[in-house]
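Shown next, in structure tokens, is the structure this report addresses.
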Amino acid sequence: MHDAPLRVTTPGGAYDVIIAHGALDCLPDHLNRIGLRGALWIISDDQVFPQYAPPLIERLRAAGYDVQGSTVPSGETSKDLAMVARLYDWLIGGGVERRDAVLALGGGVVGDLAGFVAATVLRGIALVHLPTTLLAMVDSAIGGKTGVNHPLGKNLIGAFHQPRLTLADTATLRTLPPRELRAGWAEVIKHAVIRDADLFVRLETIAGAEPDSLQGDALAAIIRQAARVKIDIVNADERETGERMLLNYGHTLGHAIEAASGYGDLLHGEAVAIGMHLEAQIACRMGMVEPDFVERQERLLHAWGLPTALPPALDIDDLLERTLRDKKVRAGKVRWALPLGIGSATVRDDAPETLVRAVLEEAYARSP
């Protein structure tokens, strides 16, 4: 590996986050190092599994592991309780034991789903994240959040379950569809806005770079810098009682837009980008940032191919109602993660609904 692993250290578990080109080649050694020697249950989707699972299974079996694999349909619609039940049937029917481990091979959907299954089958078995998308590498495969969706909202059913290892092979990004790759940059930009001004400037400097020109060690370095933001926050606040709520910037409205649009119409990162743009305008109206912040953030989102326009035909009342069903609501008040400037953010629960409505109405008025 080119760099020392990053380290998550929380009451729920301590583990390495390894981000490097070709990292999957070393997976058997890492599993042995952390003492995982039971059967391995790979959960992936039907797009990722054919590309990466066969050589991985061969490598693991050569190292003496008993390995099984199962796939789910790619996309957000797989994150539901019916799919969880199907995976329970596969694991329990196959004789899963508490010393075994689930390997989540894929993006955020697979990680959230497989993580929830690992957290709950036999009251919890080991989990290893093998993220293959940019979004998962910098965000969802770190920090122990697992879950599935409910018709009334995103990720409303879940558990905290820290993995034993997160191993991200940046070589897998070469086969990621361009739209999926662009969606991942939303979380990188989010991390830059809330905590890392240097990362924001770095992203501005290389904005618009073609994926082929940003690869290998250079790409891994940017991903590590973004992942370090998540790790530092999780280490300080594992259960999202305080500082970890900053990671929800763009997600309160983003989740509402994603759910109201019908899961799958918008990629998660696309919805987050729109949410960031709208929530920056909320912060601006509350006097927390200047208009030039909103414009600068919007330019960067556009430079990385991300949308900021509110999708047509969504009902404003429905969006506002969905924000009130968000996991972060306390005593009927929406707790918003809002920016204070590039590299700084805070949590506020005093954004008037009339102000949020005005932002949404203005966004509709400006939509093409």
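A few remarks follow.
- Each peptide among 110-118, 252-260, 159-167, 54-62 gets the average number of other Cβ atoms lying within 10 Å of its residues, and from highest to lowest they stand as 110-118, 252-260, 159-167, 54-62.
- Sites residue 314 and residue 14, calculated FRET efficiency, Cβ-Cβ separation with R0 45 Å, nearest 0.05: 0.60
- Gyration tensor (alpha-carbon) shape descriptor, the chain, a/c threshold 1.5: prolate
- For the chain, the membrane-span-like helices by this rule, meaning whole DSSP H stretches whose C-alpha atoms cover at least 15 Å of axis and whose Kyte-Doolittle mean is 0.5 or above, are 81-93, 108-120, 216-236; this says nothing about an actual membrane.
- Within the chain, percent of DSSP bridges classed antiparallel, to nearest 5: 40
- Bins of 5 Å from zero: percent of alpha-carbon pairs in segment 223-366: 2, 10, 19, 24, 22, 15, 6, 2, 0
- Prolate/oblate/rounded call for segment 87-128, Cα gyration tensor, a/c under 1.5 rounded: prolate
- Antiparallel DSSP beta bridges within segment 6-175, as percent of all bridges there, nearest 5: 30
- Taking only the C-alpha atoms of segment 6-175, Rg followed by Dmax gives 14.4, 45 Å.
- Structure-based [θ]222 nm, the chain - -39500 (n - 2.57) summed over DSSP H runs of at least 4, per residue, nearest 500: -14000 deg cm²/dmol
Values quoted throughout were computed directly from the atomic coordinates according to the rules given, and no laboratory measurement underlies them. Not measured: the values here are computed from a predicted model. So basically every Cβ, Gly included, is an ideal-geometry build from the backbone, and we count neighbours across all protein chains shown.
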